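One structure below.
The values are calculated or read from the model by the stated rules, or taken from the named source; none is laboratory data. Quick caveat: nothing in here was measured; it's all calculated off a predicted structure. With ideal geometry, Cβ positions are generated from the backbone for all residues, glycine too; neighbour counts draw on all protein chains shown. Accessible surface areas use protein heavy atoms only, side chains included; no ligands, DNA or RNA. Shrake-Rupley method; radii C 1.70, N 1.55, O 1.52, S 1.80 Å.
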Amino acid sequence: MKQKRAWSWIPTLYFTEGLPYFAVNVISVILYKRMGIDNASIALYTSWLYLPWVIKPFWSPIVDMLRTRRMWIVATQLFMGALLASIAFLIPVNDFFRWTMCLFWLLAFSSATHDIAADGFYMLGLDEEQQSFFTGIRSIFYRIATIFGQGVLIILAGRLEVMTGNTAIAWSITFFIMCALLTALGLYHWKALPTPKKDISRNIDSLKEAAKNFIHIIITFFKKPEIVPAVLFMLLFRLPEAQLVKMINPFLLDSKEAGGLALTTEQIGVTYGTIGVIGLIIGGIAGGICISRKGLKHWLWPMVVAISLPNIVYVYLSFAQPESLFVINSCIFVEQLGYGFGFTAYMVYLLYFAQGEYPTAHYAISTAFMALGMMLPGMVSGYIQEAIGYGNFFIWVMICCVATFVVSAFLKIDPKFGKK
């Protein structure tokens with residue numbers, strides 16, 4: 001009976017976890033590009049939106065202590081619905097960029113807070129056997145949110161642009177749809193989520209004790225063996241991707257005269273948001289299978305190559321500027337397939353490094369470094385692209401792949417880790 005009830009909330013909870021994340025980090029970029037914001041501003045300001053995930057570990061004790069995780073889940077979902085409605089209202093107004101950025105900032109903090117509460121609730125609402133059983137299920141529905149956010153919603157926005165003849169109105173309608181969906185999910189979870197006995201509010205003394213323990217956890221993290229190469233790996237392994245990801249959609253949308261591929265919004269939803277995501281998912285599944293068979297150490301270098309070399313497809317696309325959607329889709333599929341395969345090594349290494357006395361907390365700190373490694377290079381990527389053009393920018397991204405190889409060379413990994 002408990003497992004049957006878990007099916008009623010785990011898929012929707014992790015779909016809800018993914019949707020606002022992609023609204024903040026992907027949909028916002030496409031929105032601003034379609035509304036005429038320059039690449040430097042898009043990259044700088046939307047990269048700042050990673051900050052809540054960087055500092056998430058520092059306020060997670062507050063979420064754990066004040067009120068219940070169930071309350072945080074429902075409250076943040078309803079609040080995010082209200083924020084999406086506010087963004088929808090403000091898209092057509094003057095000075096929309098400033099006001100919508102403020103709202104995206106609040107949406108990012110709410111989304112990161114929801115992540116803390118949802119992951120904590122998952123552990124409280126299920127026993128260990130159920131947690132293992134539903135690990136794959138939660139991942140699948142998070143991926144479905146990826147396709148829905150980067151694919152379906154972008155395709156919808158593109159079709160609305162054509163139907164209405166007004167970009168601002170089209171995107172307002174899209175954000176109203178997201179608002180309705182998040183609000184409906186919040187109301188559903190208010191009724192559907194169980195009330196675990198362990199999900200309780202704690203007193204201020206408990207909060208003080210948690211803060212003290214968290215300081216101890218941070219100290220023990222930085223006392224780990226091989227901490228310097230580990231942190232450099234967390235920060236620099238994704239250096240090429242951190243710059244690339246902010247410029248892919250502007251490149252695909254920009255005119256041929258500006259060096260882009262001149263795709264429509266709807267084509268972006270199909271090309272990058274659907275075909276690309278399918279490649280990403282296949283690569284990730286393949287990576288997990290490979291590591292489970294021979295371990296992380298055996299597959300590290302093939303995965304380093306896989307996450308780096310396929311980036312060269314953007315060098316080709318920027319200089320050739322092909323008209324064929326089949327060619328463009330094939331290139332992006334190959335790049336995302338390689339990225340999904342190679343990124344597995346990164347995430348498994350974070351699990352490896354987090355082993356020890358506080359694995360959950362140390363993993364959270366590691367993911368904070370991961371977010372920081374995405375935020376800082378992304379902030380300057382738009383300025384670099386505008387200074388040297390798309391073709392040279394993608395060549396620069398390939399040069400940055402050297403950092404990925406260098407930081408990987410200094411890792412020390414137990415050959416047995418990752419094997420079944």
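Using a probe radius of 1.4 angstrom, the carbon and sulfur fraction of the accessible surface of the stretch 338-418 is 73%.
Mind putting a number on the dipole of the stretch 24-179 about its Cα centre? Charges go on the C-beta only, +1 for Lys and Arg and -1 for Asp and Glu, and I need it in Debye to the nearest 20.
Values: 10 positive and 9 negative charges, 59 e Å.
The dipole magnitude comes to about 280 debye.
Solvent-accessible surface of the stretch 172-274, taken per residue with a 1.4 Å probe and all protein chains present: 46 Å².
Only protein heavy atoms count here; under a 1.4 Å probe, M347 has an accessible surface of about 50 Å².
Directionally averaged projected area (the chain, Cα convex hull): 20.1 nm². If only the Cβ of Lys and Arg carry +1 and only the Cβ of Asp and Glu carry -1, the dipole of the chain around its Cα centre is close to 1240 debye. K416 label point, 7 Å along Cα→Cβ, cut-off 17 Å on backbone N: hits in the stretch 335-365? 352-353, 355-356, by backbone N distance to the label point.
Ligands, DNA and RNA aside, I200 has an accessible area near 90 Å² when probed at 1.4 Å. In this rough spin-label picture, where each label sits 7 Å from Cα along the Cβ direction, the N213-A180 distance is 4.4 nm. Taken about its Cα centre, the stretch 15-87 carries a charge dipole of roughly 140 debye when the Cβ of each Lys and Arg holds +1 and the Cβ of each Asp and Glu holds -1.
Among the listed pairs K224/K297; K56/K294; K56/K246; K294/K412; K198/K412, which are separated by more than 27 Å between their Cα atoms? K56/K294; K198/K412, as the Cα separations exceed 27 Å there. Of the GluC sites (Glu not before Pro) found in the stretch 164-271, those in coil by DSSP whose Cβ has at most 11 other Cβ atoms within 10 Å are E257. For the chain, adding -39500 (n - 2.57) for each run of n ≥ 4 DSSP H residues and dividing by the number of residues yields -26000 deg cm²/dmol at 222 nm.
If you average the sequence gap of Cα pairs under 8 Å that are 6 or more apart and divide by the length of the stretch 225-363, what percent do you get for the contact order? All intermediate terms of the calculation are to be shown ahead of the outcome.
Details: 143 pairs, mean separation 39.9, N = 139.
So the answer I get is 29 percent.
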